[in-house]
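Notes to accompany the following structure.
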Amino acid sequence: MKETKLMQDQGESTVLELPESLLKIAKRELREDRCTREQSLEQLRNWVMKNEDLQNVRCDDTFLLRFLRAKKFSVPMAEQTMLKYLNIRRTFPHMSTQLDYLEPRLGDLIDQGYIFAVPQRDKHGRRVVIINAKGLNPKVHTAADQAKAHFLTYECLMEDQETQITGLSHVGDFSGVSTAHVTNWNPTEFARIFKWGEQSLPMRHKEIHLINVPSTLKWLIDFVKNRVSSKMKNRLIIYGSEKELMKAVDAGCLPLEMGGTMPMREMIALWKQELAAKRDLVLGLDKCTLLSDRGIQRRSSFNSEKSGNGPNFVSQIESIEGSFRKLEFD
């Protein structure tokens, strides 16, 4: 029997009893019902068990449903997303593996409030992820530290079936951003991780709200917006004030420091409890192995400038980085 069998008992082994309201969302937005879910799970699980390029991959329902729900139960698309997900972990292990919130450098980013999920869900039932630029000191933390904080956050949230269905909202506060924040990344590595990120992580990003964005940084955001899907592009909004932001985001889903009600310290403490509860599951993902990327289908447009790949993309990132080095941030 293949080693993938050994991973079946990790995570939630069955679909949870979900409330009727959530099942309605799943049916309306994901084409999910009991029959579709059971058949798709069986097909995807059989594919994992038979695929010689996969080793020790989890076969529990919660893990497989990450990919099925992200692709609205298209099994072939879910298979491709799983391969890409495992490939990004294989290609960037220094950014996407050993995601232990107890590791000092990663723990410091969490304690400083660089990225965390607030405990409350918004009116749509979504978890809200806060990204706070002040929580990252580029003189202390590397791009790899920054990436690991993001991967840890998303891995933890993807273990929750309700979040798989409702998706995520993001609020990014760019106050305190400096030139060092922008130039912390190697342009080539940024281009590669950016290129693969949207395609590889099985998440439903429903809204992205940005505030306190300096005018100098809007160039980079516009550049990024032009290289993601039109769906993602339309979901990214920049606000000029906290008052505008609070019209779009529930106040209960913002920390007190951003106009909400609960102090950020309390939110971070509750988030660390979630990370502790999921720690073994997240670290166990490092056992999941992709032995070869030969099964990944690559679109013919992958080398086009529009898709955000290839030498043109890297050179443009380098050009932008050079421009930022000459600029003063507010």
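Quick notes on this structure:
- Given their separation in residues at 0.36 nm each and the Cα-Cα distance between them, M246 and R279 gain 8.6 nm when the chain is fully extended.
- Net dipole in debye of the stretch 21-60 [+1 Lys, Arg Cβ; -1 Asp, Glu Cβ; about Cα centre; nearest 20]: 260
- Taking Lys and Arg as +1 and Asp and Glu as -1, the other residues whose beta-carbon sits under 9 Å from that of Q98 total -2.
- Cross-link pairs exceeding 21 Å in C-alpha to C-alpha distance, out of K50/K72; K24/K278; K206/K287; K71/K206; K206/K231, comprise K50/K72; K24/K278; K206/K287.
- Applying a DSSP loop filter and a limit of 12 other Cβ atoms within 10 Å to the trypsin sites (Lys or Arg not before Pro) in the stretch 71-172 leaves K123, K139.
- Cut-off under 5 Å, modelled amide H: who pairs with F116 long-range: I130
- Per residue, in Å², the accessible surface of the stretch 124-174 once ligands and nucleic acids are set aside, probe 1.4 Å: 25
- Solvent accessible area, Å² - E79, 1.4 Å probe, full protein context: 40
- For K218 and R265, the FRET efficiency from 1/(1 + (r/R0)^6), where r spans their Cβ atoms and R0 equals 30 Å, is about 0.45.
- For the stretch 32-179, the square roots a ≥ b ≥ c of the C-alpha gyration tensor eigenvalues yield an a/c of 1.5 or more together with a/b not exceeding b/c, which makes the shape oblate.
- Estimated from the Cβ-Cβ distance and a Förster radius of 35 angstrom, the FRET efficiency linking C35 and R90 is about 0.55.
The values are calculated or read from the model by the stated rules, or taken from the named source; none is laboratory data. As the structure is a prediction and not an experimental result, all values here were calculated from the model. Please note: Cβ atoms are built from the backbone with ideal geometry, for glycine as well, and neighbour counts cover all protein chains shown. To get the accessible areas, we keep the full protein, side chains included, count just its heavy atoms, and leave off ligands, DNA and RNA. Shrake-Rupley method; radii C 1.70, N 1.55, O 1.52, S 1.80 Å.
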